[in-house]
1. Return yes or no: is V43 open to solvent by less than 80 Å² (accessible area, probe 1.4 Å), touching a Leu at 6+ places or on another chain (Cβ under 8 Å) and at pLDDT 90 or above?
2. Let me spell it out: the conditions are (1) more than 13 Å from the chain's Cα centre (by Cα); (2) surrounded by 14 or more Cβ atoms within 10 Å (Cβ to Cβ); (3) assigned to a helix (DSSP H, G or I); (4) of a type in the set (A, V, I, L, M), and I247 meets all of them except one. Which number is the exception?
3. Sort out which residues of the range 371-387 are free of Cβ contacts under 8 Å to residues at least 40 places away in the same chain, among the hydrophobic types (A, V, I, L, M, F, W, C) and closer than 28 Å to A335 by Cα, and write them in order of number.
4. Search the range 50-59 for residues being modelled with pLDDT under 85 and surrounded by 12 or more Cβ atoms within 10 Å (Cβ to Cβ), and hand back the single one that is farthest from L277 (Cα to Cα).
5. If you go through the range 174-190 one residue at a time, do you hit one that is of a type in the set (K, R), open to solvent by less than 20 Å² (accessible area, probe 1.4 Å) and in contact (Cβ under 8 Å) with a residue 12 or more places away in the chain?
6. Taking the options A155, A163, A79, name whichever one is surrounded by 19 or more Cβ atoms within 10 Å (Cβ to Cβ) and either at positive phi or aliphatic (A, V, I, L, M) (or both).
7. Name the residue that is nearest to the chain's Cα centre (by Cα), counting only residues in the range 199-241 that are touching a residue at least 12 places away in the same chain (Cβ under 8 Å) and surrounded by fewer than 16 Cβ atoms within 10 Å (Cβ to Cβ).
Amino acid sequence: RRGIRSHFYTSYEAESRIFPTITQKIFMGLLFLVVLLLPFGWVPGLAFIADNTVWFRILARVCVFAIAGLGLNMLTGFAGQVSLGHSFFMGVGAYTAMVLGSEGSGFGEEGLLGFDLPLWIWLPGAAIVPAVLGAIIAPIAVRVRGLYLAIVTLALVFIGQHAFRNMTRVAGDSEGGRAFQDIEFELWRGGGFSFTTETTIAGITWTGGQVLFFFTFVGLVLAALLHKNIARTRTGRAWASIRDRDIAAEVMGVPETRYKTLAFAISSAYAGIAGALLAGLAGQPSPAVWDLNLAVAMIAIVLIGGAGTTAGPLLGALFVVMMPEAVEGLSAWLAGVAEEGTGLGQTIADFIIATSPADSGLISVIQSGSGLSVPDFNNFLYGLLIVLFLIFEPLGLYGIWINIRNYWRGWPFTY
């Protein structure tokens, strides 16, 4: 007889399905439909997105950060290897894509390297080169654990910053960077389909922002499916055993070094693809983009979203990308209240926002203010939220969702 608690699995195959329940299948179908309709303004309450091309860039950035987060989650969430060097591999992927896809400007000492190859070559190349580099670095990194591993991977960020600034033939000017090629699909040189310009498909006119968003979204879907399927394989189970107790896993016959190296390689491949797409969104990224702040943002995506899950990096990427936009918009609104408002609202706004050098607000909207700038405040929030989630909810936003779901599933009982 089936009771009210009927969500039990009777086989490993049923438990390891991508969407094991009917509810999850329906929810993902509705979510997929909303994403497809979102760029056309056909979702009630979100029609403003279709009227502003900036939002397409933001949504595409969410997809790219989610791809990078999925890669880091394989290494940190599945294999248990702490890494602070993800931004280094993103930079390697970006510059690999530039060299393979951009036009060169001569082979002299001042010329830029470039082979002008199509997307179906430079995008896989942006994954392969960082993956090979990650596999080369992995045997050195896997000799240490915990904090020492974090320090080793952190060193990659500073090494990469020095290398990117001095490899001017690859990365361009140390301050201005190098222009990224147009993102377009072509069998060979010329006559391609652009993902950044207006086009007509099936009688529907698509803006460049819409096409670019769908391009990154398709990449995210493929990356998430691969991420989920790897977690269900022998490799995923081996990573989980290493994460939970590496010495016991090795005693049981799991080749620790081989699987850790594989985790570094796949994670680096994801980072390389994300770096290439992020450079394409930026247009002309500076070498300073691939710095420690980006590495911390990647860690925040995994930890705030929920390490060891597929949905976690997706939620974390949405939160990390949208949070600066929310903070910036809220700061501008509070600045207006502080200058023109009255009563309690103005008092609260004055406490939070510094609109003049004489103010002592928490957030400064001017360069010479006493408070934190908006970017610095975002970094502060990253650190604060990471600490709070590690203490109170290790599974991050995904864990909060699980708690809410379990509460309503068991209601009105509290046990």
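The values are calculated or read from the model by the stated rules, or taken from the named source; none is laboratory data. Since the structure is predicted, the reported quantities are computational estimates derived from the model, not experimental observations. As a convention, Cβ positions derive from the backbone with ideal geometry for all residues, glycine included, and neighbour counts pool all protein chains shown. The area values use the complete protein model at the heavy-atom level, side chains included, leaving out ligands, DNA and RNA. Shrake-Rupley method; radii C 1.70, N 1.55, O 1.52, S 1.80 Å.
1. Taking the combined requirement at face value, the residue does not satisfy it.
2. (2)
3. Answer for the range 371-387, where residues must be free of Cβ contacts under 8 Å to residues at least 40 places away in the same chain, among the hydrophobic types (A, V, I, L, M, F, W, C) and closer than 28 Å to A335 by Cα: L372, F380, L384.
4. If we take residues in the range 50-59 being modelled with pLDDT under 85 and surrounded by 12 or more Cβ atoms within 10 Å (Cβ to Cβ), then A50 is farthest from L277 (Cα to Cα).
5. yes
6. Residue meeting the stated conditions: A79.
7. L225
Let's see how each residue does on (1) of a type in the set (D, E, K, R); (2) over 24 Å from G125 (Cα atoms); (3) in contact with a Gly (Cβ under 6 Å, 6 or more places away or on another chain):
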{"residue": "W206", "(1), (2), (3)": "no, yes, no"}
{"residue": "G209", "(1), (2), (3)": "no, yes, no"}
{"residue": "L225", "(1), (2), (3)": "no, no, no"}
{"residue": "I230", "(1), (2), (3)": "no, no, yes"}
{"residue": "E250", "(1), (2), (3)": "yes, yes, no"}
{"residue": "P255", "(1), (2), (3)": "no, yes, no"}
{"residue": "A269", "(1), (2), (3)": "no, no, no"}
{"residue": "G272", "(1), (2), (3)": "no, no, yes"}
{"residue": "V289", "(1), (2), (3)": "no, no, no"}
